[in-house]
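Take a look at the structure below.
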Amino acid sequence: MKPAVVLPTYNEAENIRAMIEAVLAAHPAITALVVDDNSPDGTARLVGDMAAANPRVQLLLRTEKRGRGYAGAAGFCRCLDLGFDPIIEMDADFSHDPAYLPQFLKEAETWDVVIGSRAVAGGGAVGRGAARRLITWGAALYLRAMLGVDVQDPTSGYRCFRRRVMEAVHPETLTSPGPGIVTEVLYRCRKFRIREIPIVFKDREQGRSKFGLKAMVESLKLAARLRFNGR
């Protein structure tokens, strides 16, 4: 295996150094690819300094068409260009714990897609109120029905893809500018073998979350479009 972790970032200077160190420490073969949307807080500069000192750290700096979805797609394309397999995506704010990475890689030896799930036995979320948990639960029901996928946590953005899956996804054709990319990619993976493993999601402690009600609505609308239009 030649695994890579894609970390889309925007204003993550408070977290990114510790995050990269934790990712690299989780497995000796992992490369951390940071896809930064030209963050004004200097995130790219910090990553560039780390990349200059360590070949397992790479920076993809984007200055046009900024957005979580575009950044994710660009990261997937770069990973395919560089021959990585498998490809893991995760948030850079420690809401996704790098300690789970070895388990993702182990499961990827057997499964096509591995999803870090809050909704299976042993999984969960901390730091979230009852209203937010209810909204997430309702969105999951809706997305499973619309996308036709047997996944308990379809909104999870902590996921691992074998190279053959990402090639079939054709990331260069993804259109979602924001967090809806999670929905779009899952829809394109629906015919592959998917495994969910339990994770505990933690709301970020530093900085501000990029995922809110607007992003959730975007994902729900996208699911309906995919269901009825196929794209």
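Overview of results
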quantity: Whichever lysines have a C-alpha closer than 29 Å to that of LYS221, once near sequence neighbours (fewer than 8 apart) are set aside; calculated: LYS65, LYS191, LYS202, LYS210
quantity: Within segment 1-132, percent of DSSP bridges classed antiparallel, to nearest 5; calculated: 5
quantity: Percent antiparallel among DSSP beta bridges (both partners in segment 4-229, rounded to 5); calculated: 20
quantity: Theoretical gain in end-to-end length, THR110 to ALA53 [0.36 nm per residue, Cα-Cα removed]; calculated: 17.1 nm
quantity: Contact order normalised by residue count of the chain, Cα under 8 Å, 6+ apart, percent; calculated: 24
quantity: Lys, Arg +1 and Asp, Glu -1 on Cβ, resulting dipole of the chain about Cα centre, debye, nearest 20; calculated: 780
quantity: Backbone HN-Hα couplings from phi across segment 178-186 [Karplus 6.51/-1.76/1.60, Hz, Gly and Pro as x]; calculated: x, x, x, 4, 4, 5, 5, 5, 4
quantity: Estimated D of segment 4-229 in µm² per second, where Rh is the Kirkwood radius over Cα pairs and Stokes-Einstein applies at 4 °C, 1.567 mPa s; calculated: 74
quantity: Separation of the LEU61 and PHE228 label points, Cα + 7 Å toward Cβ, nm; calculated: 4.4
quantity: Burial ordering of ILE16, ILE194, fewest other beta-carbon atoms within 10 Å first; calculated: ILE194, ILE16
quantity: Under 17 Å from LYS106, Cα to Cα: lysines that are on another chain or at least 8 residues apart; calculated: LYS2
quantity: ³J(HN,Hα) computed for each position of segment 87-95 - Karplus, 6.51 cos²θ - 1.76 cosθ + 1.60, integer Hz, glycine/proline x; calculated: 10, 10, 10, 7, 7, 9, 9, 6, 5
quantity: Computed label-point distance, nm, for sites TYR142 and GLU172 using a 7 Å Cα→Cβ extension; calculated: 3.4
quantity: Residue among LEU134, LEU105, LEU59 with the largest mean-square fluctuation in a Gaussian network model of the chain, springs linking Cα atoms under 10 Å; calculated: LEU134
quantity: Approximate spin-label separation LYS221-ARG190, in nm, with each point projected 7 Å along Cα-to-Cβ; calculated: 2.1
quantity: Residue order, fewest to most surrounding Cβ atoms within 10 angstrom, among HIS96, HIS27; calculated: HIS27, HIS96
quantity: Within-11-Å neighbourhood charge of MET90 [Cβ basis; K, R +1; D, E -1]; calculated: -3
quantity: Within the chain, helix-based [θ] at 222 nm, where runs of 4 or more DSSP H residues each add -39,500 (n - 2.57), nearest 500; calculated: -12500 deg cm²/dmol
quantity: Ranking of MET50, MET19 by count of other Cβ atoms within 10 Å, fewest first; calculated: MET50, MET19
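We did not get these values from a lab; they are worked out from the coordinates using the rules stated. Model, not experiment: these values are computed from the prediction. Cβ coordinates were reconstructed from backbone atoms using ideal geometry, including for glycine residues, and neighbour counts include every protein chain displayed.
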